[in-house]
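Worksheet: the structure to be examined is printed underneath.
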Amino acid sequence: MTRLTRRHFTRTLIAGAAAGLAGFGTEFAARAAPVAVIGGGPAGATAALELKRNRPDLRVTLIERDPSGLRRSVQNGPFAKPSAGPAWDALSEAGVEIVLDEVTGIDWTTAHIELFRGERLAFDRVLLAPGTQSRPEAIQGYDARAQHFWPAAWGSAREAQRLTAMIMAMPETGHLVLRLPSDLSHPQVANDRVLTLSRLLAAWKPEARMTVLSAADLEGFDAQEIGADVTWQSADVLSVDVDAGRIETSMGGLSADVVNFVTPQMAGAIAGHAGLVDSTGWCPASDAGVSLIRPEAIVLGDARAGAERTTPAAIEGARRVGLDRV
């Protein structure tokens with residue numbers, strides 16, 4: 001592990017928030033400034049690699065809390081996400097410094113990043129790729145226990161494995177309910193989830209049925225692609241009872257053997273700690289990723305309000321920062 005200390009950085013303050021990205025490239029050209037990239041997902045890792053490759057004199061540090069996220073290992077199973085973004089080896093070979101720790105806050109006044117282990121890292125520029133997290137909902141009975149027994153399997157390999165096992169073990173004539181939130185942040189992922197579940201039922205439990213419970217407007221389906229007995233119900237969830245397998249909605253009650261309960265999303269926790277989110281839970285930013293709350297910050301990937309939340313879009317946006325702003 002590459003350990004970053006204060007000696008690795010020249011302690012300087014951020015030159016005017018109003019400069020935004022216009023000053024971003026100018027400052028990079030003027031000196032070898034320390035640049036911190038928070039988040040080692042596809043967007044963050046791509047931005048770090050492109051910056052270092054195109055400006056070898058820059059000190060680029062990538063901060064990531066989960067080392068497994070940089071292995072880019074191939075996932076197996078029906079809910080596996082394709083491996084994307086540069087891995088640890090490529091980043092290290094390019095000269096990107098990697099710090100394994102969790103960012104707990106950003107002190108914009110002194111230009112320091114606060115780490116879980118208690119260390120403070122100075123920076124000249126900071127790029128955040130915080131990803132997304134589940135947004136709390138006021139649903140009676142939907143607590144941590146319900147989240148365990150009714151997994152979202154939305155970016156979690158463990159939850160995906162558990163959901164797969166639950167579907168395989170359900171009764172032959174069982175009922176699977178997919179709950180999608182009305183505030184649907186990742187429409188294409190939701191579309192893929194409907195198709196994946198329907199095909200699993202068609203292959204494993206052909207006599208089972210499926211209900212898609214969602215007030216969101218899903219588009220782009222070809223009826224021939226749906227591989228199982230699927231019913232659509234537009235309703236809001238009012239309460240749940242995981243022990244009874246019951247979901248009470250604005251259109252009545254449902255009983256289910258297996259529930260894939262997907263929650264609404266919001267920007268990852270560090271975006272909130274850094275003061276970059278608004279009342280919607282997302283990070284308002286320009287098309288180039290400049291934060292509209294703190295213009296000295298660049299927000300990458302899915303956390304931006306109005307972003308096209310797909311992996312290719314996240315990588316392309318991060319690549320443009322690396323190529324166009326140096």
(request) Go through segment 146-163 residue by residue and turn each phi into a ³J(HN,Hα) via Karplus (6.51, -1.76, 1.60, θ = phi - 60°); whole Hz please, and just put x for glycine and proline. (result) 5, 5, 6, 7, 10, x, 6, 6, 10, x, 10, 5, 5, 5, 4, 5, 5, 5
(message) Applying a 10 Å radius around every beta-carbon, put 87-94, 204-211, 281-288 in order of their mean neighbour count, most first.
(response) 281-288, 204-211, 87-94
(request) Scan around residue 239 for amide H atoms under 5 Å from its own, H built in the peptide plane at 1.01 Å from N, and keep only partners 5 or more places away or cross-chain. (result) 248
(request) Lys and Arg at +1, Asp and Glu at -1: add these up for the other residues within a Cβ distance under 12 Å of residue 265 and post the number. (result) -1
(request) Let me know the Rg and Dmax you get for segment 119-181 when you use only its Cα atoms, in Å. (result) 17.7, 60
(request) Quick one: net charge around residue 153, please, counting Lys, Arg +1 and Asp, Glu -1 for every other residue with C-beta under 10 Å from its C-beta. (result) +2
(request) Pull up all non-local amide H partners of residue 40: gap of 5 or more, or a different chain, and H-to-H distance under 5 Å with H placed in the peptide plane. (result) 65
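Taken together, the values in this text are just the output of simple stated rules run on the coordinates, not laboratory data. As the structure is a prediction and not an experimental result, all values here were calculated from the model. A quick note on method: Cβ atoms are made from the backbone with ideal geometry, for glycine too, and the neighbour counts reach across all protein chains shown.
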